[in-house]
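See below for the structure under consideration.
Derivation of every value follows stated rules applied to the coordinates shown; laboratory data play no part. Not measured: the values here are computed from a predicted model. So basically every Cβ, Gly included, is an ideal-geometry build from the backbone, and we count neighbours across all protein chains shown.
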Amino acid sequence: MSYTSVFQPGLFNGHTVIVTGGGSGIGRCTAHELAALGAHVIITGRKQEKLDQVTEEIQTDGGQVSSLAFDIRDEPAVEQAVAELANKHGQIHGLVNNAGGQFPAPLEMISAKGFDAVVRSNLLGGFLMAREVYKHSMQKHGGAIVNITADNLNGMPAMGHSGAARAGMENLTKTCAWEWGYFGVRVNAVAPGWVASSGFDTYDPHFQSLIKGVKDHVPLKRLAFEAEISAAICFLLSPGASFINGHTLRIDGGSSQGSAPAIWPLPKGAAVNTHAFNGFHRAKLPEMLKDDEAK
């Protein structure tokens, strides 16, 4: 079977698109869709064996794909890799900054080393890739960049390091869009909510048990499929998004419209060590709340 895309066949014919973190999850899915739509996809990641597996899949499906293994957190490695790719393939039409990673932990348990590792994966690496692709191709030819952030609108309990990095990427997206728009470069981001992706398998059993209940806190009452994220990425890369620049598209089933996610449930009862302030001398408690106040 071939990839079933909502977009017209040949949409990206003649285009070269880099997808970082293309060996698994959303990156793997996006690479498949872009290749099915005619793009020559270059997938990158740290492990060549994972890239080889996806390369074989795409080639079996009739797509054009190449791969290159390197660490996006390593500045000299990124500079060398992007220069090599630009020299070999010519114009780079699109970049999907998908690579990243995190681990669940409360803030007080995150070390400086752990915090730095997540920020380097989810923010620094994306910046380095965007900068080098811009310098080696897009400043001269234009292009489109899509950064992958996360649903961090109300914070990211249990993943504060990732939330901080993703918020930085969202702001960086806006700055890139402003500075590079003159050169015909559009830079946008997508912020997925909870996606049924292979990344879930990397978490410990306790965290996996919490994830199973997340869908109950999504208005659409389900998790997203990887293809629903990929479709949004492909749209932002496409000519149909030619006047969209500096925007972050939330793909979360509406969950960001509510409170913090159930992955970090609050204890029942009143909070401890808190003190309320009400300086209004004529304030009156609503009748509907007086029964609760008396308890």
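Structural remarks
- Computed over the chain, relative contact order equals 17 percent, with contacts defined as Cα pairs under 8 Å that lie 6+ residues apart.
- Within the stretch 54-79: backbone nitrogen closer than 13 Å to the Ser198 label point (7 Å, Cα to C-beta): 54-58
- Classification of the stretch 62-182 by its C-alpha gyration tensor yields a prolate form. The axis ratio a/c (a ≥ b ≥ c) is 1.5 or more, and a/b outweighs b/c.
- As a proxy for reagent exposure, ranking Asp216, Asp116 by other Cβ atoms within 10 Å from fewest up yields Asp216, Asp116.
- Rough spin-label spacing in nm, given labels placed 7 Å along Cα→Cβ, for Ser242 and Lys135: 3.1 nm
- In degrees, nearest ten, helix 75-89 long axis to first principal axis of the chain (Cα): 40 degrees
- Listing Ile26, Ile211, Ile92 from fewest to most neighbouring C-beta atoms within 10 Å gives Ile211, Ile92, Ile26.
- Per-residue Cβ neighbour counts within 10 Å put Val190, Val17 in the sequence Val190, Val17, beginning with the fewest.
- A simple spin-label model places pseudo-atoms 7 Å from Cα toward Cβ; at Ala270 and Phe207 they are separated by 3.5 nm.
- R0 of 41 Å, Cβ-Cβ distance Lys113-Gln91: FRET efficiency to nearest 0.05: 0.60
- Too-long pairs where the Cα-Cα distance tops 26 Å, listed order kept, from Lys140/Lys174; Lys221/Lys268; Lys113/Lys215: Lys113/Lys215
- Gain on full stretching of the segment that runs from Gln257 to Lys284 - 0.36 nm per residue minus C-alpha separation: 6.8 nm
- Just checking the listed ones, Ala35, Ala164, Ala105: in the Gaussian network model of the chain with Cα springs under 10 Å, the one fluctuating most is Ala105.
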